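Let me begin by presenting the structure, written as structure tokens, before commenting on it.
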Amino acid sequence: MSELKAGSNLEKVFLAGHFAVTAELGPPKSADVEEVKTNAAHLKGYADAVNITDNQTAIARMSSIAAGTLVLREGLEPVIQITCRDRNRLAIQADILGAYALGIKNILCLTGDHQKFGNHPGCKNVFDMDSVQLIGTIKQMRDEKTFINGEEIKNSKTAPVVEPRIFIGGAANPFGDPFEFRVIRLSKKVKAGVDFIQTQCIYDMDRFKEWMKQVRDRGLHEKVKIMAGVTPLKSARMAEYMRDKVAGLTVPDQIIERMAKAENAGAEGRKICIEQIEEIRDIEGVAGVHLMAIAWERFVPEIIEGAGLYPRPEV
């Protein structure tokens with residue numbers, strides 16, 4: 001245990017040398033606990049940890065900490081997301097302490113989508129810090145046992161220090177422009193203290209492989225665990241939307257054509273996803289896969305089994 005930074009299941013899977021699997025669970029746009037439980041049941045036993053998104057695409061949802069706590073009660077390990085869009089540094093540090101107190105050991109640090117993309121475009125954003133600074137904040141709280149103002153994390157001068165032991169995650173987009181800056185951005189997160197990275201969903205495998213080559217050239221794959229993001233397509237229309245409307249994402253024409261010609265587009269999309277995972281597993285430096293099955297949690301078992309990643313290791 002002395003080698004562990006937080007002792008989460010995800011960290012132990014990496015430390016044991018296994019190819020890790022995480023999945024994603026979007027909290028409901030209501031206070032519906034049963035929705036969380038239903039989606040968690042689809043993922044149980046198929047993912048080493050489950051990402052709980054934080055008002056993704058700037059749409060108001062149940063809080064990531066609350067949904068993460070519900071997921072924890074269902075027997076899954078959560079990776080809660082914290083975005084900088086909605087909180088200042090006081091609120092962020094409070095949420096880090098609160099999440100850890102509730103048993104959460106993994107946090108993914110995100111700057112956050114701009115509110116203009118969501119259903120409250122007129123709301124005021126915060127952006128008191130960005131994702132790189134958030135990574136550094138959690139590392140300081142965990143390793144130096146101080147808040148970012150330098151004060152020790154304890155209740156009084158005579159009280160013991162009780163710091164949050166968090167396994168720190170970050171995101172990376174290998175497809176944004178300018179392309180050569182993508183690996184530089186990753187380098188900053190590694191320097192700030194990130195423990196694992198989850199990428200934007202991958203369709204352009206050639207570009208991802210080129211990004212991974214740049215990662216290996218800098219030796220970053222030896223300093224951080226990189227998880228490749230995949231999202232199963234439901235239709236050719238979805239593929240076109242991802243290509244045309246999602247910033248920093250490329251979808252090759254052959255994938256769109258394959259989806260358009262398929263008799264059962266959903267089944268074809270899941271087949272493509274399985275093929276992608278199989279190809280990703282052969283790329284040097286990739287330590288796992290992050291499956292973002294958007295509102296398709298029920299098909300996660302099919303994909304994980306099809307890719308030969310079931311059963312998951314016990315560590």
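Okay, residues lined up against (1) on the phi < 0 side of the Ramachandran plot; (2) of a type in the set (Gly, Ala, Ser); (3) at pLDDT 95 or above; (4) part of a loop (DSSP other than H, G, I, E, B):
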{"site": "100", "(1), (2), (3), (4)": "yes, no, yes, no"}
{"site": "108", "(1), (2), (3), (4)": "yes, no, yes, no"}
{"site": "112", "(1), (2), (3), (4)": "no, yes, no, yes"}
{"site": "123", "(1), (2), (3), (4)": "yes, no, no, yes"}
{"site": "129", "(1), (2), (3), (4)": "yes, no, yes, yes"}
{"site": "133", "(1), (2), (3), (4)": "yes, no, yes, no"}
{"site": "136", "(1), (2), (3), (4)": "yes, yes, yes, no"}
Scan segment 201-236 residue by residue and report those that are within 13 Å of residue 249 (Cβ to Cβ) and part of a loop (DSSP other than H, G, I, E, B). 202, 203, 204, 231, 233
Looking at residue 50 and the list (1) under 23 Å from residue 147 (Cβ atoms); (2) of a type outside the set (D, E, K, R); (3) buried (at least 19 other Cβ atoms within 10 Å of the Cβ), which single condition is not satisfied? (1)
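Rundown of residues vs (1) within 18 Å of the chain's Cα centre (by Cα); (2) more than 18 Å from residue 204 (Cα to Cα); (3) assigned to a helix (DSSP H, G or I), yes/no style:
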{"residue": "257", "(1), (2), (3)": "no, no, yes"}
{"residue": "275", "(1), (2), (3)": "no, no, yes"}
{"residue": "279", "(1), (2), (3)": "no, no, yes"}
{"residue": "283", "(1), (2), (3)": "no, no, no"}
{"residue": "287", "(1), (2), (3)": "yes, yes, no"}
{"residue": "298", "(1), (2), (3)": "no, yes, yes"}
Determine, yes or no, whether residue 154 is outside any helix (DSSP H, G or I), basic (Lys, Arg), out of contact with any helix residue (DSSP H, G or I) (no Cβ under 7 Å at 6 or more places or on another chain) and closer than 23 Å to residue 5 by Cα. yes
Would segment 190-208 turn up any residue that is surrounded by fewer than 19 Cβ atoms within 10 Å (Cβ to Cβ) and either closer than 23 Å to residue 25 by Cα or under 14 Å from the mean Cα position of the chain (by Cα) (or both)? no
Is it fair to say residue 143 is within 30 Å of residue 204 (Cβ to Cβ) and loosely packed, with under 15 Cβ neighbours inside 10 Å? no
Considering only segment 58-98, state which residues are out of contact with any Leu (no Cβ under 6 Å at 6 or more places or on another chain), among the β-branched types (Val, Ile, Thr) and not in a helix (DSSP H, G or I). 59, 80, 82
Flagged in segment 229-253 as over 15 Å from residue 176 (Cα atoms) and either buried (at least 19 other Cβ atoms within 10 Å of the Cβ) or in contact with a helix residue (DSSP H, G or I) (Cβ under 7 Å, 6 or more places away or on another chain) (or both), in numbering order, are 230, 231, 232, 233, 234, 235, 236, 238, 239, 240
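The values are calculated or read from the model by the stated rules, or taken from the named source; none is laboratory data. Source: prediction; values computed, not measured. So basically every Cβ, Gly included, is an ideal-geometry build from the backbone, and we count neighbours across all protein chains shown.
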